[in-house]
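Before any comments, here is the structure.
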Amino acid sequence: MAEATSTADPDPAAIAALKHVGLVGGLTETKVSCAALGDRLDASTQTASRRLQTLESAGYIERDVVGDGQWVRVTDAGEAALRAEYADYRRLFETDVELVLRGAVTGGMGEGRHYITLPGYAEQFRARLGYEPFPGTLNVDLSEESVRRRGEMAGIDAVPIDAWEGEDRTYGAASCYGVTLVAGDERYEEVHAIVPDRTHHDDDQLELIAPERLRDALDLDDGDAVEVRVAATSRADEPESEAASESPEDDDEGESPADAVETEVA
Ligand SMILES: Cc1cc2nc3c(=O)[nH]c(=O)nc-3n(C[C@H](O)[C@H](O)[C@H](O)COP(=O)(O)O)c2cc1C
Ligand SMILES: Nc1ccn([C@@H]2O[C@H](COP(=O)(O)OP(=O)(O)O)[C@@H](O)[C@H]2O)c(=O)n1
Ligand SMILES: [Mg+2]
């Protein structure tokens, strides 16, 4: 997955500049002058130029400087960052907003099972999600529209799974989003979309975990159409993510952060 869509919060000033670049010329290639961008941002030409440099370094735009300005194109990562902002505003002003991602069941690389069962992850799933996942990930090949929209997940509350140190290597962190999986008339509520920081898949693959083998529970085969409904909670709904401060060791029988997530699932 593109690095810039990871959990790092982008610089708000750069995002504001990105928004104006998009408003001037859409998300496809457009000619931008620093003076005009500065006017829109109520800032100097130099500041506008710096913002474009920042956006380029962050991978949010690509540009080609010419004599009287520059051609600027918003990248997929840039669009994802704007969509994450958009999702925040929708959640602020609209109620019951749900992100629905669509795609088809597919086979993966056969590695999901290995990662899901590693003790360093398995303990965290038990403590933070409240269940031991079936060993593997159900892979969903997202539609083009859903690949674009998955950036909105950045504004949704996720259960964090921390990086950990194995005997011979480190294992990366991941985020788990409470979702409902819908296939035809059937739905399965206790599912999480797991987004590893490190993955061999591109943005078009979404991996799901659940206590059961979902192919059996929902009678799924490769190519079957599914909907992944992501719970509508935003990070702004709770003052602080409890899960962020909880370590797997201090889990007890009490309410886990996952309980809070699940009650919000539509
Ligand atoms: C919980 C979890 C942790 C992962 N951590 C890593 C990692 O540290 N390094 C890495 O290269 N891939 C990591 N991956 C991603 C796998 O390499 C791979 O992209 C993917 O999970 C393969 O799934 P598949 O077999 O369903 O295709 C992780 C995957 C999961 C589910
Ligand atoms: N909760 C889950 C997890 C995995 N699976 C399936 O279990 C198998 C093992 O998962 P995996 O991630 O190791 O394999 P691939 O997704 O790489 O094919 C795959 O066929 C997944 O589609 C499932 O049906 N339900
Ligand atoms: Mg898988």
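The values are calculated or read from the model by the stated rules, or taken from the named source; none is laboratory data. Just so it is clear, the structure is predicted and the values come from calculations on it, not from any experiment. Cβ: placed from backbone, ideal geometry, glycine included. Neighbour counts: every protein chain shown. Quick note on the areas: whole protein, heavy atoms, side chains included, nothing else; ligands and nucleic acids left out. Shrake-Rupley method; radii C 1.70, N 1.55, O 1.52, S 1.80 Å.
Taking first residues from region 214-227 that are surrounded by fewer than 17 Cβ atoms within 10 Å (Cβ to Cβ) and partners that are part of a helix (DSSP H, G or I), the Cβ contacts under 8 Å between residues at least 6 apart in sequence or on separate chains come to 221/215. Each residue in region 194-217 was checked for being assigned to a loop (DSSP other than H, G, I, E, B), under 15 Å from the mean Cα position of the chain (by Cα) and more than 11 Å from ligand 3 (Cβ to nearest atom), and 5 pass.
Scanning region 107-119 for any residue that is away from ligand 2 (no atom under 16 Å from the Cβ) and in contact with a Ser or Thr (Cβ under 7 Å, 6 or more places away or on another chain) turns up nothing.
Open to solvent by 20 Å² or more (accessible area, probe 1.4 Å) and among the hydrophobic types (A, V, I, L, M, F, W, C): does that describe residue 36? It is true that residue 36 is open to solvent by 20 Å² or more (accessible area, probe 1.4 Å) and among the hydrophobic types (A, V, I, L, M, F, W, C).
For region 220-227, the criterion of being charged (D, E, K, R), at pLDDT 95 or above and either under 12 Å from the mean Cα position of the chain (by Cα) or not in a loop (DSSP other than H, G, I, E, B) (or both) is met by at least one residue.
Only residues that are more than 14 Å from residue 196 (Cα to Cα), more than 6 Å from ligand 1 (Cβ to nearest atom) and without any contact (Cβ under 8 Å) to a residue 40 or more places away in the chain were counted in region 106-120, giving 2.
The condition of being assigned by TED's automatic domain parsing to the domain that holds residue 19, open to solvent by 50 Å² or more (accessible area, probe 1.4 Å), more than 16 Å from ligand 3 (Cβ to nearest atom) and not aromatic (Phe, Trp, Tyr) holds for only one of 78, 59, 67, that being 67. For region 22-31, the set of residues classified as closer than 15 Å to residue 65 by Cα and either in contact with a Gly (Cβ under 6 Å, 6 or more places away or on another chain) or assigned to a helix (DSSP H, G or I) (or both) consists of 31 only.
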